[in-house]
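Scroll down for the structure; my scribbles are underneath it.
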Amino acid sequence: MRVFFMTALVLGISFAGTVSAQQTATEFVQQRAEAVISVVNSAADDAEPEARRSALRAAVGSFVDFEVLAERALGEHWDARTAEERAEFVALLRELVETSYTSRLGDERIDPDAYSVVYGEERSRRGRTTVEAALTFESRTHVVEVKVLDREEGRAVYDVVTDDVSLQESYAESF
């Protein structure tokens, strides 16, 4: 499970943001991954545990497009929910994800020499792009697919598949 969380952090789990029209999805993922690692490492320098957890929550919360993740995780059940139920579900999912990441990261830092990422093919279809990558961490290589939703307001990573385990599908099965 530690590898999954490291992969999600290194490759930028489900975060949203605006992007230049010239920037490829791979460049988008690379840029966001560097930003996440920077926040995690600067938060690791904080001696106060509560301040660290708060910084990590803010980092995860600012990058994750929880509405996209919630809608995709609920699938056909999303449409049957009222606006209030959707808002409550998104808030609960946000709490779950933020708590999960902050508790699993503990006091860790992400040493840039401890992992390597080789980006591969980028495939686009119907407003979605899949960025393939190979992440080597702790002497093991993991196949990763980062699924990016291309929208007018910017891109959002809506799923990370690590060694055939999908974040979105994991939540969908849980719910």
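The values are calculated or read from the model by the stated rules, or taken from the named source; none is laboratory data. Note that the coordinates shown come from a computational prediction; the quantities given were computed from them, not determined experimentally. All Cβ positions, even for glycine, are placed from backbone atoms using ideal geometry, and neighbour counts span all protein chains on display. Accessible surface areas use protein heavy atoms only, side chains included; no ligands, DNA or RNA. Shrake-Rupley method; radii C 1.70, N 1.55, O 1.52, S 1.80 Å.
Select from region 23-71 the residues that are in contact with a strand residue (DSSP E or B) (Cβ under 9 Å, 6 or more places away or on another chain), open to solvent by 70 Å² or more (accessible area, probe 1.4 Å) and modelled with pLDDT under 75 and list them in ascending order.
Listed by number, the list holds a single entry, Ser62.
Look at region 64-102 and say how many of its residues are within 15 Å of the chain's Cα centre (by Cα), of a type in the set (Gly, Ala, Ser) and under 14 Å from Ala172 (Cα atoms).
2
Just to be sure before I move on: is Thr136 of a type in the set (S, T, N, Q), in a strand (DSSP E or B), modelled with pLDDT of 85 or more and surrounded by 15 or more Cβ atoms within 10 Å (Cβ to Cβ) in the structure I sent?
Criteria not met by Thr136.
Looking only at region 159-175, which residues are open to solvent by less than 20 Å² (accessible area, probe 1.4 Å), closer than 25 Å to Glu88 by Cα and not small (Gly, Ala, Ser)?
Answer for region 159-175, where residues must be open to solvent by less than 20 Å² (accessible area, probe 1.4 Å), closer than 25 Å to Glu88 by Cα and not small (Gly, Ala, Ser): Asp159, Val160, Leu167.
Would you check if there is a residue in region 97-115 being part of a strand (DSSP E or B) and either touching a residue at least 40 places away in the same chain (Cβ under 8 Å) or at positive phi (or both)?
yes
Hey, can you tell me all the residues within region 139-170 that are farther than 17 Å from Glu27 by Cα, more than 15 Å from the chain's Cα centre (by Cα) and either aromatic (Phe, Trp, Tyr) or in a strand (DSSP E or B) (or both)?
If the condition is that a residue be farther than 17 Å from Glu27 by Cα, more than 15 Å from the chain's Cα centre (by Cα) and either aromatic (Phe, Trp, Tyr) or in a strand (DSSP E or B) (or both), then Arg140, Thr141, His142, Val143 are the ones that fit.
For region 82-92, check the following and say yes or no: at least one residue is surrounded by fewer than 18 Cβ atoms within 10 Å (Cβ to Cβ), of a type outside the set (Ser, Thr, Tyr), modelled with pLDDT of 90 or more and outside any helix (DSSP H, G or I).
No, region 82-92 contains no residue that is surrounded by fewer than 18 Cβ atoms within 10 Å (Cβ to Cβ), of a type outside the set (Ser, Thr, Tyr), modelled with pLDDT of 90 or more and outside any helix (DSSP H, G or I).
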